[in-house]
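Since the structure comes first, as structure tokens, the remarks are kept for the end.
The values are calculated or read from the model by the stated rules, or taken from the named source; none is laboratory data. Note that the coordinates shown come from a computational prediction; the quantities given were computed from them, not determined experimentally. Ideal geometry is used to build each Cβ from the backbone, glycine not excepted, and the neighbour counts take in all protein chains shown. Note: areas computed on protein heavy atoms with side chains; ligands, DNA, RNA excluded. Shrake-Rupley method; radii C 1.70, N 1.55, O 1.52, S 1.80 Å.
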Number of protein chains: 2
Amino acid sequence: MSFDPATLTYDEKGLIPAIAQDAESGDILMFAWMNAESVARTLESGKVTYWSRSRQSFWVKGETSGHVQTLVDFRIDCDRDCLLVLVRQEGPACHTNRRSCFYTAVREGDEVELMKPMV
Amino acid sequence: MSFDPATLTYDEKGLIPAIAQDAESGDILMFAWMNAESVARTLESGKVTYWSRSRQSFWVKGETSGHVQTLVDFRIDCDRDCLLVLVRQEGPACHTNRRSCFYTAVREGDEVELMKPMV
């Protein structure tokens, strides 16, 4: 079946959540949002392209930092209201320079830092 | 540092997105939402508890189906506005009876089904 970004379910702001997973390690790298046009651009270019809610503009991941995400596989969930992009990540995915944004764990009631910024 | 669910960033509906990942395989199982109280219940009980937006009620995953999610690790992202729960998943996570909700891929412009319902 041919895929059309318009068949996805977007929220009232026209956005759909997108989870980025390292295609090699399986680690979750980050979470962001796309709109229909960024879905189309991601699939066409192979460069993961989010919609920045703070800047209200397209956000080609790594365009300024060089920490690009190359699309390896593009997945849709059962309700068609969430995306999973498997990626090849160049360097850190997080703006704190850590490989993943999910570097904090809650263990026995305390916050624990799981990883340090990359050097 | 002691963890307080009130320190997370919730959206205008009081919700925060939560990604569930299989702690063993690393597969992404599903995506849903929590509020501050479901975060607290998840951490206290060790049973992953979402907030059902459609039913507007707490949703202890697997409470009726038996397909429970036992919490293995609870993670927070850099912006404190997204959660990652690593879980031990009993049976299928998806309401379609598939192990994961992300069973559809888009490849060369076509939708491809990656997995069948569990038997």
- Query: Using the Karplus equation 6.51 cos²θ - 1.76 cosθ + 1.60 (θ = phi - 60°), what ³J(HN,Hα) coupling, rounded to whole Hz, does each residue of the stretch B:10-20 give in order, writing x for Gly and Pro?
  - Reply: 9, 7, 5, 9, x, 10, 9, x, 9, 9, 9
- In vacuo Debye sum over C-alpha of the stretch A:5-113, base-10 log of normalised intensity I(q)/I(0) at q = 0.13, 0.16 Å⁻¹, listed in q order, is -0.48, -0.71
- Message: What figure, in Å² to the nearest 10, do you get for the accessible area of residue A:67 with a 1.4 Å probe and non-protein molecules left out?
- Response: 50
- Ordered by number, the residues of the stretch B:2-39 with at least 10 Å² less accessible area in the assembly than alone (1.4 Å probe) are B:2, B:3, B:12, B:13, B:17, B:19, B:21, B:26, B:28, B:31, B:33
- Hey, which of these cross-link pairs are over 25 Å Cα-Cα: A:13/B:47; A:61/B:116; A:13/B:61; A:61/B:13; A:116/B:13; B:61/B:116? A:13/B:47; A:61/B:116; A:13/B:61; A:61/B:13; A:116/B:13
- Item | Spread of Cα-to-Cα distances over 10 Å intervals beginning at zero, given as percent, for the protein assembly as shown | 7, 33, 38, 19, 2, 0
- Message: For the rotation taking chain B to chain A, which residue of B has the Cβ nearest the axis, and how many Å away is it?
- Response: B:26, 2
- Query: Out of A:5, A:117, A:102, whose Cα points farthest toward the positive end of the dipole of chain A (charges: +1 Lys, Arg; -1 Asp, Glu; placed on Cβ)?
  - Reply: A:117
- Message: Within chain B, which is the longest segment that contains none of the GluC sites (Glu not before Pro) sitting in a DSSP loop with at most 16 other Cβ atoms within 10 Å?
- Response: B:25-62
- Message: For B:1, A:30, give me the order by solvent-accessible area with a 1.4 Å probe, most accessible first, ignoring ligands, DNA and RNA.
- Response: B:1, A:30
- Task: Leaving out ligands, DNA and RNA, calculate the buried accessible area for the pair B and A with a 1.4 Å probe, summed over both sides, in Å² to the nearest 100.
- Result: 3200
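If you filter the stretch B:66-113 for trypsin sites (Lys or Arg not before Pro), then keep DSSP loop positions with at most 15 other Cβ within 10 Å, what is left? Walk me through the intermediate numbers first.
Numbers: sites: B:75, B:80, B:88, B:98, B:99, B:107; in loops: B:80, B:98, B:99.
For trypsin sites (Lys or Arg not before Pro) across the stretch B:66-113 that sit outside H, G, I, E and B with at most 15 neighbouring Cβ atoms in 10 Å, the list reads B:80.
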- At residue B:63, label 7 Å along Cα→Cβ: distances to the other copies, nm, ascending? 4.4
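Can you send over the carbon and sulfur percentage of the accessible area for the stretch A:1-46, probe radius 1.4 Å, protein chains only?
On the way: 990 of 2060 Å².
Exposed carbon and sulfur together represent 48 percent of the surface.
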- Inter-copy distances for residue B:1, label 7 Å out on the Cα-Cβ vector, sorted ascending, nm, one decimal, are 4.5
- Item | Other copies of residue B:88: label-to-label distances in nm, shortest first, labels 7 Å along the beta-carbon direction | 3.7
